[in-house]
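S.K.: Take a look at this one; I'll ask things after.
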Amino acid sequence: MIPAASTGRRSERRWRPSAQLDLALTLSPHRRGGGDPAWRRTPDGAIWRTSRTPEGPGTLRVTAGHGEVHAQAWGPGAGWLLETLPSLLGADDDIAGFAAMLARLTRSDDPRQARAAAFVAGLAGRAAGLRIGRSLRVFEALAPAVLEQKVVGREAWRAWRFLLRRYGEPAPGPAPEGMYVVPPPEVWRAVPSWDWHRAGAEAVRARTIVNAARHAEKLEGTTTAASSEEADRLLRALPGIGVWTSAEVRQRAHGDPDAPSVGDFHLPAIVGYALTGQKTDDDGMLGLLEPFRGHRHRVVRLIELSGVRPPARGPRMAARDYRAF
């Protein structure tokens, strides 16, 4: 590890991962749709993120080349962002364990299981630089996940953009224009009802986020839970946080490779079709993923990246606009 070095108001760090790393694949789950004020990829290939760290707001710029990651950070949270950079980029991700699992499953006496494992192994080879990293910022992952509950993505992302631009603060440093830092919990608690309405978030999702903001400190503590199951239990103890939202948070903030998004509108059909050629439901998806326990979210992520989709039939789920109600 090359230690961080301070350059004026900018801090820098160079870090060499132990294996192949694809920055875009690894960091893209933190992007909340096109125009996310907290995430940007610039034409030079750099990825920019903002975060409200335990030390304050910060901006992170990350590039990679010749097997090395170069990170620059600005703002009060710069030191924290650089210190936790390896975790964000999946330094703790058990890739070797996943490879060993696939090798074992491809030798299974069950031909269906062996075929599924061989298929997943092929996907893993094509996305060899994918890592499941952890941001260690739970509320930042939870607020947009709640906005995404039971709505289409573009509806949730519109709300996210509105709330960050209205209540966030401009990103520190020379960040691309239009980047903002997620507001602190006390600001989320004070968002008036009319601005939730203007954002397009109805009262149920608004109440869930406001209540979570009241318990933000406890939420951040879930990153040190003894197990994935314990973190899930702690998150779901909050009203409005169910199995889907908990999984979405643990995937990003905890770096949990075994947190599949149960309850997703499209996911069971995609996973079922990829592994068997047939659509399925949540229970069927969990059954198909069971041999991969410990890495079920990773398998789902690889399937999503593969582009394999069942034939489209029927109408798409329509976006709703609560601002017109």
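S.K.: Once you keep just the Cα pairs under 8 angstrom separated by 6 or more residues, what percentage relative contact order results for the range 2-88? Numbers along the way, then the final one.
M.R.: Working: 150 pairs, mean separation 26.6, N = 87.
Relative CO of the range 2-88 lands at 31 percent.
S.K.: So for 150, 279, fewest C-beta neighbours within 10 Å to most, what's the order? Please list the in-between numbers first.
M.R.: Numbers: 150 13, 279 16.
Neighbour counts put them in this order, fewest first: 150, 279.
S.K.: In vacuo Debye scattering of the chain, one point per C-alpha: log10 I(q)/I(0) at q = 0.10, 0.12, 0.15 Å⁻¹?
M.R.: -0.59, -0.86, -1.32
S.K.: Among 176, 122, 136, which residue has its Cα positioned farthest towards the positive end of the charge dipole of the range 104-247, with +1 placed on the Cβ of Lys and Arg, -1 on the Cβ of Asp and Glu, and the dipole taken about the Cα centre?
M.R.: Farthest towards the positive pole: 122.
S.K.: Here's something else I'd like to know. Send over the Kirkwood Rh of the range 171-315, from the inverse of the averaged 1/r over different Cα pairs, rounded to one decimal Å. Before the final figure, lay out each step's value.
M.R.: Numbers: mean 1/r = 0.0571 Å⁻¹.
Value: 17.5 Å, from the Cα pair sum.
S.K.: Sticking with this one: What is the local net charge at residue 51, summed over the other residues whose Cβ is closer than 9 Å to its Cβ (Lys, Arg +1; Asp, Glu -1)?
M.R.: Numbers: positive: 49, 52, 137; negative: 140.
Value of the local net charge: +2.
S.K.: Could you give me the radius of gyration and the Dmax of the range 138-232, taking only the C-alpha atoms into account and expressing both in angstrom?
M.R.: For the range 138-232, the Cα-based Rg and Dmax read 14.1, 40 Å.
S.K.: For each of 94, 281, 256, 109, count neighbouring Cβ atoms within 10 Å of the residue's Cβ, then give the residues from fewest to most. Walk me through the numbers on the way to the answer.
M.R.: On the way: 94 15, 281 11, 256 22, 109 6.
Going from sparsest to densest Cβ surroundings: 109, 281, 94, 256.
S.K.: Shifting gears a bit: How much net charge surrounds residue 231 when only the other residues with a Cβ under 9 Å from the Cβ of residue 231 are counted, with Lys and Arg +1 and Asp and Glu -1? List each step's numbers first, then the result.
M.R.: Numbers: positive: 233, 250; negative: 229, 230, 232, 256.
It works out to a net charge of -2.
S.K.: For residue 208, what charge total do you get from the other residues with a beta carbon under 14 Å from its beta carbon, if Lys and Arg give +1 and Asp and Glu give -1?
M.R.: Values: positive: 150, 189, 205, 207, 214, 236; negative: 148, 202, 248.
Cβ neighbours under 14 Å give a net charge of +3.
S.K.: Which value, in debye to the nearest 20, gives the size of the charge dipole of the chain about its Cα centre, when Lys and Arg are +1 and Asp and Glu are -1 at the Cβ? Intermediate values should be presented prior to the final figure.
M.R.: Working: 46 positive and 35 negative charges, 161 e Å.
Dipole about the Cα centre, nearest 20: 780 debye.
S.K.: Taking a ≥ b ≥ c as the square roots of the Cα gyration tensor eigenvalues, with a/c under 1.5 meaning rounded and otherwise prolate when a/b beats b/c, else oblate, which class fits the range 2-88?
M.R.: Working: a/c = 1.62, a/b = 1.03, b/c = 1.57.
Because a/c hits 1.5 or more and a/b fails to exceed b/c, the range 2-88 counts as oblate.
S.K.: Now a separate question. What ranking do 295, 30, 197 get, fewest neighbouring Cβ atoms within 10 angstrom at the top?
M.R.: Details: 295 25, 30 21, 197 15.
By the 10 Å Cβ count, ascending, the order reads 197, 30, 295.
Read-outs: derived from the displayed coordinates by stated rules, not from any lab. Note that this is a predicted model, so its numbers are computed, not measured. Methodologically, a virtual Cβ is constructed for each residue, glycine included, from the backbone with ideal geometry; neighbour enumeration extends over all protein chains shown.
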